[in-house]
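Have a look at this one.
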Amino acid sequence: MNYQALIEQMTLEEKCSLLSGGTQFTTKAIERLGIEAIFLADGPHGVRKQAGSADHLGLNPSLPATCYPVAATVANSWDISLAEEIGEHLGMEAAALGVSILLGPGLNIKRNPLCGRNFEYFSEDPYLSGKMAAAYIRGIQSKGIAACPKHYAVNSQETFRMSSSSILDERTLYELYLTGFEIAVKEGNPKALMSSYNLVNDQYTNDSKELLHDILVNKWGFDGMVVTDWGGSNDRVQGLIAGNHLEMPATRGNSDREILEAVKTGRITEELVDKRLLELLSVWQSVVLPDQAQSFDVEEHHKFARKAAEQSIVLLKNEDNILPLKKGTKVAVIGDFARTYRYQGAGSSLVNSTKTDSPLAELRKSELDCTEFAGGFMRDGKADESLKRQAVELAGKAEVVLLYMGLDEVSETEGMERKSMKMNDNQIAVLEAVARVNTNIVVIITAGASVEMPWDYMAKAVVHGYLGGQAGAGAMVNVITGKVNPSGKLAETYPVSYGDIPGAEAYPSKERTSEHREGLYVGYRYFDRNLEKVKYPFGHGLSYTEFAYDNLIISPEKVSCVITNTGQLPGTEIVQLYVSCKNPAVYGPVKELKGFAKVSLAVKESRQVEIDLDDKAFRYYNAKTHSYEILGGEYEVLIGASAADIRLKGSIQVSGTNAELPFYEAELPNYWKGTVEQVSDAEFAKLLGREIPPHTWNRKAPLDMNQPIACLQYAKNPLARFVFHIIDYLRRKADRKGAPDLNILFIYNMPFRGIAKMMGGMVDMRMVQAIMVIVNGNFFRGAGQLISAFRKMRKEQKKEISG
């Protein structure tokens, strides 16, 4: 189709109208030109197309779709082909449900284990995240659907996510928080990408020409469309200038008029509007679905979802080879998670599953003797001695105890962080009580992120299923009975305790900035220097067989070694390649993941495994040259079964680019040593290359549109403060009940401008400006401006309808 000719037939008003949504999840149409509206839907691990009244947080039901394992689960498979196959299945279902753009995958870095949305993200490592995301994208788009990786970029917390500014240095930005997106864009070639809510170094991502154009387009070659997160548009016109194409959701033309006015006043040209529209339509019209109804095979997709879960389960511990359980083993099944299976997180990714496996039902179908069950504990954390006594009584009659433990539904959700890395005390109390009568305990964990495990000494085996999707319960039974040999390995580090994480006490930030003082030292990059603080290292995972590593060969282009299955069962090993500079002239982690391979071997089989040394193997980002450079010298090449279990070592001499060094050791002593929990203001400012921006909101200054509604507590107007207390009361009340109200949380965290962006066009930005006048103590002047702005908006809307 000749989109340029199509654009030439449009009025300026029509052009502007296509740059924002038509409804909560659809774009606009222009019937006279044959431009159809398309549907966008959440879909990191399953298509969520709401059938009735649409909402952003997933509170209303959606059409049935397969709930696949979440990204945090699939990342443990380290299996690029599996990820691509998941993408294909997601693409098929999206097409069948009439969804043209699937909003996923999510690949933000797991900076902190408490982030409420970590279950939607792959890893703490950008290389692994990028490779997995690129595979999802290729799979989704192979079915004619556009993938939309998110949230670009440095979206590291849910608290005040629409107004928090992530403050970090240039090198950390590029190496840690952008590398995953770079790989996803270059290797996946997504047709769309979603900008994040937050600011990066005090500029909204959707307003940032550096992020949306200079990096995304010029450096990475992105040729798709950029869509805001829902309500994530700050300055609509600046977003267009920066490189955004589509604002979501609908604002009933309010945003369109902002663009129209900007053209008329000369702030932007009509040529810019045409350019963005051409880029948008080239994607949009390529994913318009055919009129004829499509379908997908529910049973086949459920079966595949089980396969995906099987390949992603991680065996953390297996003393005395208690697993796999033998046929006929008399087991006691204990734990509420065995009765009420939890297989996904909450929020906008919530999938209405086509069907759901039950752990109890799957166990009873197995060859184990497990007719009895005890709940053991209350899911919400409340103590119940009678439930615990029942569990102990049952455990005393069994050969092996299967204890299903985990995090409940309200622990992991969009819009809020976890309060702790601990599991509820009542679950640990049941474990302790059961361990006194039966030492053969297998703990099965259901959670979307890492947890503290000071209790694991009481269990002979610990198996982590993460959030395994609708078929995960059956997958877990296949693993514990030996039908499937576990091969998953952790895509994140499990610290001994939460306090061992740098910056733990400062997370999440509840002020205007979130200071990333730890820099590059996230996850294993930090813990490599502090191994005593690790419970289970990055890349760890056991098998029912054993593997030997030998015959390391290193060339400038690739590394190879021979892996042999030395055990008694067929199995699959994930081989990890790390690189370490021996005498670095720049600070950095001890080593970094630079490649991986997954190999399946029969008993006694050997195979040569090759891993490429690509363009990211030896590079670092230089903040003085503002580009990637290579530090010349000797590098150690490490092949391991985990970040802490290195099996083979070798070295290679690498030629450098001889760039001027960005920093010397005396300037950044704690970054050089990796002791980033001790970074001072002066050292952080030196790393940033500028003064540290104010961390707190100015309580004395007038409130502005980009502060969260929670800041009403500082308002000059007593009525505004009263409104805050009502919202805060409702928030706390829901929290005390153990059932957080996501709508109230969304309002609490939302900036004032979100009133205009998330109310379906009932309020525009002029009205929000008037509301700010009222909030800041000028009630009558603000009320007059509000009435005037409302009348003007309604007049404009009526004119457009009649026109």
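Stick to Cα atoms and the Kirkwood definition of Rh, then tell me Rg/Rh for the stretch 416-525. Mind dumping the intermediate values first?
Details: Rg = 16.9 Å, Rh = 16.5 Å.
Value, to two decimals: 1.02.
Roughly how many whole Å is it from the C-alpha centroid of the stretch 655-693 to that of the stretch 175-240?
27 Å
Related question: So for the stretch 342-454: antiparallel DSSP bridges make up what percent, rounded to the nearest 5?
Details: 1 of 8 bridges.
For the stretch 342-454, the DSSP antiparallel bridge percentage is about 10.
Further, regarding this structure: So what's the back-of-envelope 222 nm ellipticity for the chain, counting only DSSP H runs of four-plus at -39500 (n - 2.57) apiece and dividing by all residues, rounded to 500? If you can, show how the numbers build up before the last one.
Details: 23 runs with 231 residues, N = 803.
Helices in the chain give a 222 nm mean residue ellipticity of -8500 deg cm²/dmol.
Considering the options Gln568, Ala71, Asn743, tell which one lies farthest towards the positive end of the dipole of the chain, charges being +1 on Lys and Arg and -1 on Asp and Glu at the Cβ, about the Cα centre.
In the chain, that residue is Asn743.
Moving on to the next point. In Å², and per residue, what accessible area does the stretch 562-692 have when probed at 1.4 Å with the other protein chains present? Walk me through the intermediate numbers first.
Numbers: 5880 Å² over 131 residues.
With all protein chains present, the stretch 562-692 gives 45 Å² per residue.
With all pairs of different alpha carbon atoms counted, what Kirkwood hydrodynamic radius in Å does the stretch 254-371 show?
Values: mean 1/r = 0.0483 Å⁻¹.
Mean inverse Cα-Cα distance, inverted, gives 20.7 Å.
Moving on. Based on the Cβ-Cβ distance from Asp735 to Asp425, what FRET efficiency comes out when R0 is 25 Å, to the nearest 0.05?
Values: r = 18 Å, r/R0 = 0.72.
According to the calculation, E is roughly 0.90.
Here's a follow-up. Hey, what did the stretch 619-729 get for relative contact order, percent, Cα under 8 Å, at least 6 apart? Intermediate values should be presented prior to the final figure.
Details: 105 pairs, mean separation 16.1, N = 111.
Relative contact order for the stretch 619-729 comes out at 14 percent.
Quick check: the angle from helix 718-736's long axis to the longest principal axis of the chain, C-alpha only, nearest 10 degrees?
The helix 718-736 is inclined about 20 degrees to the chain.
Continuing with this model, one more query. Output needed: percent of Cα pairs per 10 Å distance bin for the stretch 1-125, bins running from 0 to the one holding the longest distance.
Spelled out bin by bin, the stretch 1-125 gives 12, 33, 29, 19, 7, 0 percent.
A further question on this structure: Full extension from Arg781 to Lys186: what is 0.36 nm times the residue separation minus their Cα-Cα distance, to one decimal in nm? If you can, show how the numbers build up before the last one.
Details: separation 595, 0.36 × 595 = 214.20 nm, distance 5.25 nm.
So the chain would gain 208.9 nm between Arg781 and Lys186.
Taking the simple approach of a point 7 Å from Cα along Cα-to-Cβ for both Thr439 and Lys533, what is their distance in nm?
3.4 nm
Which listed residue (Val679, Ile692, Gln707) has the Cα farthest towards the positive end of the charge dipole for the stretch 666-720, taking +1 on Lys and Arg C-beta and -1 on Asp and Glu C-beta about the Cα centre?
It is Gln707, whose Cα lies furthest towards the positive end.
Quick one: putting +1 on the C-beta of Lys and Arg, -1 on the C-beta of Asp and Glu, what dipole do you get for the chain around its Cα centre, in Debye to the nearest 20?
Details: 90 positive and 99 negative charges, 410 e Å.
Dipole about the Cα centre, nearest 20: 1960 debye.
A further question follows. Summarise the accessible area of the chain (1.4 Å probe, protein heavy atoms) by the percent that is carbon and sulfur. Could you put the intermediate results ahead of the total?
Values: 14930 of 29230 Å².
C and S fraction of accessible area: 51 percent.
Read phi for every residue in the stretch 744-749 and hand back ³J(HN,Hα) as whole Hz from Karplus 6.51 cos²θ - 1.76 cosθ + 1.60, θ = phi - 60°, with x for Gly and Pro.
So the Karplus estimates, Gly and Pro as x, are 5, 4, 4, 5, 4, 8 Hz.
I've got another one for you. Angle, helix 425-435 long axis vs. longest principal axis of the chain, Cα atoms, 0 to 90°, nearest 10?
Approximately 10 degrees, to the nearest 10.
How far, in nm, would the chain grow between Met458 and Glu299 when pulled straight, counting 0.36 nm per residue and subtracting the alpha carbon separation? If you can, show how the numbers build up before the last one.
Values: separation 159, 0.36 × 159 = 57.24 nm, distance 3.88 nm.
Stretched out fully, the Met458 to Glu299 stretch lengthens by 53.4 nm.
Hey, with R₀ at 56 Å, roughly what FRET efficiency would Asn321 and Phe790 work out to, going by the Cβ-Cβ distance, to 0.05? Let's see the in-between values first.
Values: r = 72 Å, r/R0 = 1.28.
About 0.20, to the nearest 0.05.
Give me the percent relative contact order of the chain, please, defined on Cα pairs under 8 angstrom at least 6 residues apart. Provide the component values of the computation, followed by the final result.
On the way: 1884 pairs, mean separation 107.6, N = 803.
The normalised contact order for the chain reaches 13 percent.
Here's another thing I want to ask about it. Return the distance in nm (one decimal) between the two label points of a simple spin-label model at Arg364 and Lys716, each offset 7 Å from Cα along Cα→Cβ.
Going from the Arg364 label point to the Lys716 one covers 6.8 nm.
Provide the FRET efficiency to the nearest 0.05 for the Asp380-Ala504 pair, computing r from the beta carbons and using R0 = 30 Å.
Working: r = 25 Å, r/R0 = 0.84.
Taking R0 as 30 Å, the efficiency between Asp380 and Ala504 is 0.75.
Enumerate the calculated ³J(HN,Hα) couplings along the stretch 163-180 in order (Karplus 6.51 cos²θ - 1.76 cosθ + 1.60, θ = phi - 60°), each rounded to whole Hz, writing x wherever the residue is Gly or Pro.
Once θ is set to phi - 60°, the couplings for the stretch 163-180 become 9, 7, 9, 7, 9, 8, 7, 5, 5, 4, 4, 6, 6, 9, 9, 10, 4, x Hz.
Students often get this wrong, so check it: of Lys330/Lys397; Lys594/Lys624; Lys317/Lys355, which have C-alpha atoms separated by over 20 Å?
Values: Lys330/Lys397 8 Å; Lys594/Lys624 24 Å; Lys317/Lys355 31 Å.
From Lys330/Lys397; Lys594/Lys624; Lys317/Lys355, over 20 Å: Lys594/Lys624; Lys317/Lys355.
Could you tell me the distance between the Cα centroids of the stretch 543-580 and the stretch 733-803, to the nearest Å?
Between the Cα centre of the stretch 543-580 and that of the stretch 733-803, the gap is 59 Å.
Can you list the trypsin sites (Lys or Arg not before Pro) in the stretch 680-722 that are in a DSSP coil and have 15 or fewer other beta carbons within 10 angstrom? Before the final figure, lay out the partial values.
Details: sites: Lys686, Arg690, Arg699, Lys700, Lys716, Arg721; in loops: Arg690, Arg699, Lys700, Lys716.
Answer in residue order: Arg690, Arg699, Lys700, Lys716.
Here's something else I'd like to know. Of the listed peptides 754-765, 443-454, what is their order by residue-averaged count of other C-beta atoms within 10 Å, with the highest listed first? Each step should come with its number before you reach the end.
On the way: 754-765: 21.1, 443-454: 22.6.
Top to bottom by mean Cβ count within 10 Å: 443-454, 754-765.
Classify the stretch 298-452 as rounded, prolate or oblate from the Cα gyration tensor: take a ≥ b ≥ c as the square roots of its eigenvalues, call it rounded if a/c is under 1.5, otherwise prolate when a/b beats b/c and oblate if not.
On the way: a/c = 1.75, a/b = 1.18, b/c = 1.48.
In terms of gyration-tensor shape, oblate.
Against the longest principal axis of the chain, how steep is helix 765-775, in degrees 0 to 90 to the nearest 10, with axes from Cα atoms?
So the helix axis and the longest Cα principal axis differ by about 80 degrees.
Also, I was wondering about something else. For Lys150, list the lysines whose Cα falls under 21 Å from its own Cα; do not include residues on the same chain fewer than 8 positions away.
Output for Lys150: Lys49, Lys110, Lys131, Lys186, Lys191, Lys209, Lys219, Lys757.
Give me the percent relative contact order of the stretch 94-238, please, defined on Cα pairs under 8 angstrom at least 6 residues apart. Before the final figure, lay out the partial values.
Values: 287 pairs, mean separation 35.8, N = 145.
Computed value for the stretch 94-238: 25 percent relative contact order.
Give me, ordered by chain and number, the residues 5 or more places off Met378 or on other chains with an amide H under 5 Å from its own placed amide H.
Asp384
Rg/Rh for the chain to two decimals, with Rh computed the Kirkwood way over all alpha-carbon pairs.
The Rg/Rh ratio comes out at 0.97.
Hey, another quick one. Counting only DSSP beta bridges with both residues in the chain, tell me the antiparallel percent, nearest 5.
Working: 57 of 94 bridges.
The antiparallel fraction comes to roughly 60 percent.
The values are calculated or read from the model by the stated rules, or taken from the named source; none is laboratory data. Quick caveat, the model's predicted, so the values are computed rather than measured. Virtual Cβ from ideal backbone geometry, glycine too; neighbours counted across all protein chains shown. The protein model used for the area step is the full one, side chains on, heavy atoms only, and it has no ligands, DNA or RNA in it. Shrake-Rupley method; radii C 1.70, N 1.55, O 1.52, S 1.80 Å.
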